[in-house]
Amino acid sequence: MFEQVEDLVAEHADLEKQLADPDIHSDTGRARTVGRRYAELGPVVAKYAEWKRTGDDLAAAKELGDEDASFRAEVPDLEVALARLTDELRVLLISRDPNDDKDVILEVKAGEGGEESALFAGDLLRMYQRYAERQGWKVELLAETESDLKGGVKEATLAVRGRNEPMPWSRLKYEGGVHRVQRVPVTESQGRIHTSAAGVLVMPEAEEVEVEIDPNDLRIDVYRSSGPGGQSVNTTDSAVRITHVPTGIVVSCQNEKSQLQNKESAMRILRARMLQAAQEAADAEASEARRSQVRTVDRSERVRTYNFPENRISDHRVGFKAYNLDQVLDGDLDAVIQALADADTAAALSGSE
């Protein structure tokens, strides 16, 4: 059992040697990739060592138990411990999402519902910012288009970066889809509850080496940044719009003061979108595998409802319900995300049997 772990143990040892070589740290990208893989394999290697040690102890206790009652008495506890470690190691060895060690580009877009939808999109944006801060991740607002009402957001893009486990993609990947809100809008004079929605798109941030973009395939336009209502917020043409002609993907950024900074932000978003498109195409070819994963729920489906009158949050993919919506919007997303992660693990375990 677990023969394949020996390969992972060897890989872990090789990565440790690479990290000990000072030369690797001259290439920050390479050092980061190696460091993350080393950290990813660490729990597997440690659990495997504990599993082997317990198995050896059990074998020794059984062998010596015929002559010594004290060794015989240890057998039941060691058998229980070995069974537990077997289950734990099996979970660690489930086919892992290759993007789980990646950072994230997260987009929030207002949907149907006018200003109320934009206000809800703003709520979601702040919820993810606060959740990221709770996790100790670095959050960067790459792009934002505000609505006319204070606090409203037509669309916004965040970059979320982490250094230690859990990494942003491993938790935020479950957030993609249509999020629905039920509440009395601030613009409603009759006190009636309205329903509106906003969309969330989560993409693993792509390294430059992962997505090759031919500069000749890009059309880059520059224009003057503007704020809500068309008011000028910049006196130079610093805003950037990049169109990837072959795919038709368009990215705009105007948050930064310089054209160069906006171009860099736009390229980060473009790479993430292109990587996401490539992965979705690959997922479509493996439809059976897709159906076994919580994370591949169709983005067109409603994934979650935020009911303000009842202070309730409901995730429709796993039947999760909680009555702490105010805390969730303040960034306390751990319970609902863990429910989705547990369902993902259970589906993968079922598929591996």
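Rule-based calculations on the coordinates, nothing more; no lab input. From a predicted model like this one, the values you see are computed outputs, not experimental measurements. With ideal geometry, Cβ positions are generated from the backbone for all residues, glycine too; neighbour counts draw on all protein chains shown.
The table that follows gives values for the structure above.
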read-out: Net charge dipole size for the range 10-82 [Lys, Arg +1 and Asp, Glu -1 on Cβ; Debye, nearest 20]; value: 540 debye
read-out: Structure-derived Cα extents along the principal axes in Å: which label, when the choices are (i) 76, 58, 39; (ii) 65, 50, 34; (iii) 88, 56, 36; value: (iii)
read-out: Of Trp137, Tyr223, Met267, farthest towards positive along the dipole that unit charges on Lys, Arg, Asp, Glu beta carbons give the chain; value: Tyr223
read-out: Potential extension, Arg134-Asp330 segment - 0.36 nm per residue separation minus Cα distance; value: 69.6 nm
read-out: Positive minus negative residues near Ser147 (Lys, Arg vs Asp, Glu; Cβ under 12 Å); value: -3
read-out: Sites Glu165 and Phe308, calculated FRET efficiency, Cβ-Cβ separation with R0 35 Å, nearest 0.05; value: 0.55
read-out: Set of lysines near Lys47 by C-alpha distance (under 27 Å), chain-local residues within fewer than 8 positions excluded; value: Lys17, Lys62, Lys102, Lys173
read-out: Potential extension, Asp7-Thr247 segment - 0.36 nm per residue separation minus Cα distance; value: 82.5 nm
read-out: Efficiency of FRET between Lys321 and Thr345 - r from beta-carbon atoms, R0 25 angstrom, step 0.05; value: 0.80
read-out: Distance in nm between pseudo-label sites at Tyr223 and Ala39 (7 Å out along the Cβ direction from Cα); value: 4.0 nm
read-out: Additional length obtainable on full extension of the chain from Asp14 to Ser70, 0.36 nm per residue less Cα span; value: 16.1 nm
read-out: Distance in nm between pseudo-label sites at Lys257 and Arg192 (7 Å out along the Cβ direction from Cα); value: 4.8 nm
read-out: Highest average packing first - 102-108, 44-50, 187-193, Cβ atoms within 10 Å; value: 102-108, 44-50, 187-193
read-out: Selection from Gly199, Pro168, Gln182 lying farthest towards where the dipole of the range 55-208 points positive, charges on Cβ; value: Gln182
read-out: Neighbourhood charge, 12 Å Cβ-Cβ cut-off, centred on Gly114 and excluding it, Lys, Arg +1 and Asp, Glu -1; value: -4
